[in-house]
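Heads up: the structure comes next, in structure tokens.
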Amino acid sequence: MNALIQFLTYFRMIVGPIIFILILYLDQHGLALILFFLASISDFFDGFLARRYNLASELGEILDPIADKVLLVFLLITISVVTQSIFVTFMCCTLIAREFWVSALRDFNSRNMNTSATKVTFLAKLKTSSQFIAILIYLLSFYNGNELIQFIGNFVLFLSLVLSIKSAIQYSVDTFNK
């Protein structure tokens, strides 16, 4: 079971660059959509299985958010390139910057024995879910060539941006109030 849990985490790290290539170089939107869907649900299952079978580990707690970030960064860059929208690119860049900021806060808190300040919260899980839903909507719009679906993706990505900024502020306040 432990090998499966680790595979699910590593799968998310590997599939981000693969989807990038599938969309931008091979024009394989359907396969990219399927791989992203599998990667998205793997995020839920690796944590669920680790908790269910009491296999949670310190390494897993470190690698899980990194896997999410690798997947997220590759897909946000892909979306920016495909849409060629300044608005979408700005949102994507802001989301990526937020990920760097929160990673820096986690490192800072780890060095100062304050890891509880950046423990994953419900808001952070909601943020990740909304990001993955937005990406899924974009990939569906690329596959269908449907601009209405892409517009919905813009809206969900904006909602994700709001949640991302709110969670980053929460982590920042919790870090510097100690």
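Brief remarks on what is shown
- If you go through region 100-115 and pick out every residue that is without any contact (Cβ under 8 Å) to a residue 40 or more places away in the chain and open to solvent by 90 Å² or more (accessible area, probe 1.4 Å), you end up with 3.
- Residue list for region 36-65, restricted to those being open to solvent by less than 50 Å² (accessible area, probe 1.4 Å) and either within 14 Å of the chain's Cα centre (by Cα) or among the β-branched types (V, I, T) (or both): F36, A39, S40, S42, D43, L63, D64, P65
- Note on region 1-32: residues that are aliphatic (A, V, I, L, M), open to solvent by 30 Å² or more (accessible area, probe 1.4 Å) and over 16 Å from V70 (Cα atoms) amount to 6.
- Unmet criterion (only one of (1) more than 23 Å from I5 (Cβ to Cβ); (2) more than 18 Å from the chain's Cα centre (by Cα); (3) of a type in the set (G, A, S)) for A97: (2)
- Residue match in region 64-77 (condition: of a type outside the set (A, V, I, L, M) and farther than 17 Å from L161 by Cα): yes
- Residue within region 142-158 that is among the acidic types (D, E), over 18 Å from the mean Cα position of the chain (by Cα) and closer than 22 Å to F36 by Cβ present: yes
- Residue count for region 123-141 satisfying the condition of being open to solvent by less than 60 Å² (accessible area, probe 1.4 Å), over 11 Å from the mean Cα position of the chain (by Cα) and at pLDDT 95 or above: 5.
The values are calculated or read from the model by the stated rules, or taken from the named source; none is laboratory data. Just so it is clear, the structure is predicted and the values come from calculations on it, not from any experiment. Neighbour counts run over all protein chains shown; Cβ positions are idealised from the backbone, glycine included. The protein model used for the area step is the full one, side chains on, heavy atoms only, and it has no ligands, DNA or RNA in it. Shrake-Rupley method; radii C 1.70, N 1.55, O 1.52, S 1.80 Å.
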